[in-house]
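Okay, structure first, notes after.
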Amino acid sequence: MNNSITIISYVGKDPVPYTFTSGKTVVKFSVAVKDFNKPENLLWLEVVAWNGNGEKAGSLITKGREVCVSGKLTLESYTDKNGNTVTKPVILMNSFYLFGKKPAETEIQPVEPEPAQPAVKSRKTVKA
């Protein structure tokens, strides 16, 4: 792939699914990328995930979660309500990885470990 981008960032907005009449689905969410020289400056990128990738992202990704997103960087243009053309960067997601702790509301309770088996004190040697 000639045009690729990979970022590690925090999700700024919960994924929003859209289903078309054709049955295809797309999920959109946003991530914030800090400027290395000026950390107070944030670049918000929209992430778009289609079909199976979108369904998986929609079920696992939540606002505030740290993610690694890989995909293709593109520009999307639209006309706002005032008639102005707005262009914004968009990542067409190919894959993602989750980092960090799960949000508190979806944390799974730890499972109690099974009791340890008693240690073997002696072994019998069998002659062949």
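A few points about this structure:
- Exposure proxy ranking for 66, 40, based on other Cβ atoms within 10 angstrom of each Cβ and starting from the fewest, stands as 40, 66.
- Pairs of Lys in region 5-102 closer than 17 Å at Cα, counting only those 8 or more apart or on different chains: 17
- Contact order relative to length of region 5-102, as percent, for alpha carbon pairs under 8 angstrom and 6 or more apart: 30 percent
Values quoted throughout were computed directly from the atomic coordinates according to the rules given, and no laboratory measurement underlies them. Note that the structure is a prediction, hence the values are computed from the model and not measured. A quick note on method: Cβ atoms are made from the backbone with ideal geometry, for glycine too, and the neighbour counts reach across all protein chains shown.
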